[in-house]
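The values are calculated or read from the model by the stated rules, or taken from the named source; none is laboratory data. Here the structure is a predicted model, which is why all the values come from computation and not from measurement. Please note: Cβ atoms are built from the backbone with ideal geometry, for glycine as well, and neighbour counts cover all protein chains shown.
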């Protein structure tokens with residue numbers, strides 16, 4: 001996945017160039033990328049990349065390496081990132097701080113996520 005700066009046209013690669021795992025997802029407001037990466041031990045990691053200044057914040061959540069597609073999704077307002085954990089639970093991540101919390105209500109085991117904006 002690549003990124004082109006609107007300010008100066010510079011280009012940079014986001015995530016690993018080696019392939020094998022989808023790079024991630026850009027928030028609807030374009031400010032943050034949620035990136036999946038494989039550690040040397042084979043575990044799937046998640047981090048938030050600020051697309052304005054390039055800062056990287058790791059997210060402390062165990063991801064499932066078997067099915068990374070559809071396991072992360074931003075809320076329509078870009079405030080929250082939702083992730084399916086390796087145990088099939090829902091992690092709620094504050095995009096600004098990378099703090100992780102649970103959903104707060106019982107859910108069945110999850111494998112994929114989708115978010116639909118409210119109809120007004």
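Within the range 98-113, can you find the residues that are without any contact (Cβ under 8 Å) to a residue 24 or more places away in the chain and part of a loop (DSSP other than H, G, I, E, B)? Once the filter is applied, which keeps residues that are without any contact (Cβ under 8 Å) to a residue 24 or more places away in the chain and part of a loop (DSSP other than H, G, I, E, B), the range 98-113 yields 99, 103, 104, 105, 106, 107, 108, 109.
Residues in the range 91-115 that are surrounded by fewer than 10 Cβ atoms within 10 Å (Cβ to Cβ) and under 10 Å from residue 74 (Cα atoms): 114 only.
Within the range 57-70, which residues are touching a residue at least 40 places away in the same chain (Cβ under 8 Å) and in a strand (DSSP E or B)? Within the range 57-70, 57, 58, 59 meet the criteria.
The requirement of being assigned to a strand (DSSP E or B) and either farther than 20 Å from residue 89 by Cα or modelled with pLDDT of 90 or more (or both) is not satisfied by residue 36. Got at least one residue in the range 13-25 being touching a strand residue (DSSP E or B) at 6+ places or on another chain (Cβ under 6 Å), surrounded by fewer than 11 Cβ atoms within 10 Å (Cβ to Cβ), modelled with pLDDT under 60 and over 15 Å from residue 113 (Cβ atoms)? For the range 13-25, residues touching a strand residue (DSSP E or B) at 6+ places or on another chain (Cβ under 6 Å), surrounded by fewer than 11 Cβ atoms within 10 Å (Cβ to Cβ), modelled with pLDDT under 60 and over 15 Å from residue 113 (Cβ atoms): present. No other residue among 73, 84 is closer than 15 Å to residue 24 by Cα, in contact (Cβ under 8 Å) with a residue 40 or more places away in the chain and in a strand (DSSP E or B) apart from 73.
Just wondering, is there one or more residues in the range 53-61 that are closer than 23 Å to residue 109 by Cα, in contact with a strand residue (DSSP E or B) (Cβ under 8 Å, 6 or more places away or on another chain) and at pLDDT below 85? No: the range 53-61 contains no residue that is closer than 23 Å to residue 109 by Cα, in contact with a strand residue (DSSP E or B) (Cβ under 8 Å, 6 or more places away or on another chain) and at pLDDT below 85.
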